[in-house]
There are 2 protein chains.
Amino acid sequence: MDALDLDTPALYVDLDVLERNIARMQEQCRAWGVALRPHVKTHKIPEIAQMQLDAGAIGITVAKVGEAEVLPGDDVLVAYPLLKAKLPRLRDLAKRRRVKVAVDSAPVARDLEGIETLVEIDVGVGRTGAQSPEQAVEIAKACSDFQGIFYWPSWLDEAGFQTACAKIDSVLDALAAAGFEAKIVSGGSTPGAAKTPLIPRTTEIRPGTYVFYDASSLAAKLCSEADCALRVLTTVVSTAVPSQCVIDAGSKTFSSDQTVGVGTFGHFIGHRWTMRKLNEEHGYVEIDGPAKVGDKVWVVPSHCCATVNLHDEIWYGRDGRVDGSWKVAARGRVR
Amino acid sequence: MDALDLDTPALYVDLDVLERNIARMQEQCRAWGVALRPHVKTHKIPEIAQMQLDAGAIGITVAKVGEAEVLPGDDVLVAYPLLKAKLPRLRDLAKRRRVKVAVDSAPVARDLEGIETLVEIDVGVGRTGAQSPEQAVEIAKACSDFQGIFYWPSWLDEAGFQTACAKIDSVLDALAAAGFEAKIVSGGSTPGAAKTPLIPRTTEIRPGTYVFYDASSLAAKLCSEADCALRVLTTVVSTAVPSQCVIDAGSKTFSSDQTVGVGTFGHFIGHRWTMRKLNEEHGYVEIDGPAKVGDKVWVVPSHCCATVNLHDEIWYGRDGRVDGSWKVAARGRVR
């Protein structure tokens, strides 16, 4: 079947592009001498996680225990502060797979008795993570199985990069002085992996988006249009309003995440159109030429992770054909 | 079980509030002399649709055929331009239930041969719908079973309301002059139903949000906090950054829809906290007092429709107890 014959809206992944993206990131990590532990929250699909592992990834990164429960990988990093209520499920997971958890407070570290832990360091974004080397040491002391440190994100700008490098250095020095050897220094995110130099002493990275890329990656010049493996097939459903068409995909298909730095809701393939407004099932598209009801239009979504998370099924294939579909097995696994 | 013992993040509906919201809107419609045809995209839950029907709703409104396929109601309005690819499923639905479709172009109206249609009128928002009375008549002529007209949204401000009233009047007059009797004048949305006067000659309205209300309804003064039936139970997972806590709910729990007019991502119950930034699984909360890791916090989401659409299951109960859960049966039914 031709992908253009899919009923819309439909998510479609080009397998050639997906495989190339996975292979390239793996090669880049080999060249850098760091391990790759992809964040699988981007796709939530067991088959894609397996492709990443087969290409050489050392394990997977997840945000939620529920994701790990349905995705493969013998070595799982839960990149999230994990509280008591989730420990029974975590311990169950740890019976069959090697499990590590990132922590940023001493009480949580103590609750994780017997589990390998990484101490999270805030390298400048102000979300989670120890604020100082002293705090990092305090948390490490509460860990029963300290394995190293964890930071997020990697950096696109030079100033942020320098700050993060200095912070990591000072934390590692303080930990070493207190007798803690960080075997793992886990850094992450696609923007950094695709563009900036690697923070020294990093041993593994956790990019997610690189499997698909998206309109935000494109706007940040991290990839070309040809690297965008995930596309949304949509149909023009109304041309009633002049200079505009409406497509059958809105925030329940794309999510409400805007293209970072641009403020639109997706990148159109083959059209110089913009989409500045969405309702739940309507995309308002400013057009610069003819559009007629029934036209099929391909859109690269603004944020691939958020888009995939809205769908139960994604089609895949090569050369514009549909070869099959995957279930988004970890979709909605918020706990 | 106490709702506070739910693992988080978790969506919880207070049944007393839900029942009161459903009853009040039904009473309001009776007082106005219009029928209520609730838009069930808000909840996507068969049991809630049934409560609305039991209270007196004449049928349901959906955006997608896939929603109608799993939600009850003998009389279904598909409030969306429906193209050829979906007609087999629509005709199948029409064998068992009365089905109407809103259309805004003559070719689409012709494709819907044998199906009851409402001609959509753009009353000022510039999304879909006939732009002029002449266009409305042209589309009506293409309908094999013209039943009336359809508009969206209702209006909060006086100028928008006057424009919409004038437009509806001129369209109905033009249609009557061309021999088309509009038995149905279908208007809609919760903001209008809750606040503005009804556009004259309207025969039915299609509010959705009123079952739950949300932080946007609250900001627009359409309801009080006590009317917000849907709440998200979250847990503080990090307090590492001063003057901030992070909760275990981000854009994959709440969606990225902001509270309309306010620019935050939810309303906190019992705290004067604000949340101005979300990542996928992290909510960044500005706090004005103590917060500790493990604290459970209730949040009214910015946009209930988008929030529910991210979840497979919603718990419900009375007086803070959990009495059961509903499956969000039409979640992800984008086609």
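All of the numbers you see were taken from the coordinates with simple rules; none came from a lab. Just so it is clear, the structure is predicted and the values come from calculations on it, not from any experiment. Quick reminder, even Gly has a Cβ in these numbers, built from the backbone with ideal geometry, and neighbours come from all protein chains shown.
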For a distance above 16 Å, tell me the whole-number percent of Cα pairs in the stretch A:29-139 that qualify. 60 percent
Quick check: residue separation of B:ASP54 and B:ASP145 times 0.36 nm, minus the Cα distance between them. What number comes out in nm? 29.9 nm
Using only Cα atoms and rounding to the nearest 10 degrees, what angle (0 to 90) does helix A:87-96 make with the longest principal axis of chain A? 90 degrees
Would you order A:MET275, B:MET51, A:MET25, B:MET1 from fewest to most other beta-carbon atoms within 10 Å of each residue's own beta-carbon? B:MET1, B:MET51, A:MET25, A:MET275
Packing-based order for B:182-193, B:227-238, using average beta carbon neighbours within 10 Å, highest first: B:227-238, B:182-193
Full extension between A:THR163 and A:ARG24 adds, at 0.36 nm per residue less the Cα distance, a length in nm of 47.2 nm
Using a 10 Å cut-off on Cβ to Cβ distances, tally the other chain neighbours for every residue of B:103-115 and report the average as a whole number. 2
Give me the log10 of I(q) over I(0) for the stretch B:67-204 at q = 0.09, 0.16, 0.18 Å⁻¹, as the Debye formula computes it from C-alpha points; what are the numbers? -0.26, -0.80, -0.98
Return the loop-located GluC sites (Glu not before Pro) in the stretch B:133-185 (DSSP other than H, G, I, E, B) with at most 16 other Cβ atoms within 10 Å of their own Cβ; answer none if there are none. B:GLU181
How far apart are the A:GLY263 label points across copies, placing each 7 Å from Cα toward Cβ, in nm, shortest first? 1.2
Within 10 Å of the Cβ of an average residue in A:242-255, the count of other chain Cβ atoms is 4
Could you tell me what % of all Cα pairs in chain A have separations over 27 Å? 47 percent
Can you compute the charge dipole magnitude of the stretch B:64-179 about its Cα centre, using +1 on each Lys and Arg Cβ and -1 on each Asp and Glu Cβ, nothing else charged? Give it in debye, rounded to the nearest 20. 620 debye
One residue of chain B has its C-beta nearest the axis rotating B onto A; that residue and its distance in whole Å are B:SER256, 2
Debye sum, Cα scatterers, the protein assembly as shown, no solvent: what log₁₀ I/I(0) at q = 0.07, 0.12 1/Å? -0.47, -1.28
Helix A:133-142 versus the longest principal axis of chain A: what angle, 0 to 90°, nearest 10, using Cα atoms? 80 degrees
Using a 10 Å cut-off around each Cβ of peptide A:81-89, what is the average number of partner chain Cβ atoms that fall inside? 4
Inter-copy label distances at B:ALA226 (7 Å, Cα→Cβ; nm, one decimal): 6.5
Dividing the helical contributions, -39500 (n - 2.57) per DSSP H run of n ≥ 4, by the residues of the protein assembly as shown yields a 222 nm value, nearest 500 deg cm²/dmol, of -8500 deg cm²/dmol
Can you list the aspartates and glutamates whose alpha carbon is less than 15 Å from that of A:LYS167, not counting same-chain residues fewer than 8 positions off? A:GLU120, A:ASP122, A:GLU134, A:GLU158
Taking every DSSP beta bridge with both residues inside the protein assembly as shown, roughly what % is antiparallel (nearest 5)? 45 percent
Could you work out the relative contact order of chain A, using alpha carbon pairs under 8 angstrom and six or more residues apart, expressed as a whole percent? 21 percent
In this model, which of A:LYS44/A:LYS86; A:LYS64/B:LYS252; A:LYS84/A:LYS141; B:LYS44/B:LYS296; A:LYS296/B:LYS86; A:LYS64/A:LYS141 are farther than 23 Å apart at the alpha-carbon? B:LYS44/B:LYS296; A:LYS64/A:LYS141
Run the label-point distances for A:GLU19 please: 7 Å along Cα to Cβ, every other copy, nanometres, shortest first. 5.9
Order these by the 10 Å Cβ neighbour count, fewest first: B:ILE45, A:ILE287. A:ILE287, B:ILE45
Rounding to the nearest 10 and keeping the result within 0 to 90°, find how far the Cα-based axis of helix A:158-177 lies from the longest principal axis of chain A. 30 degrees
Value of relative contact order over the stretch A:145-186, rounded to a whole percent, pairs C-alpha under 8 Å and six or more apart: 68 percent
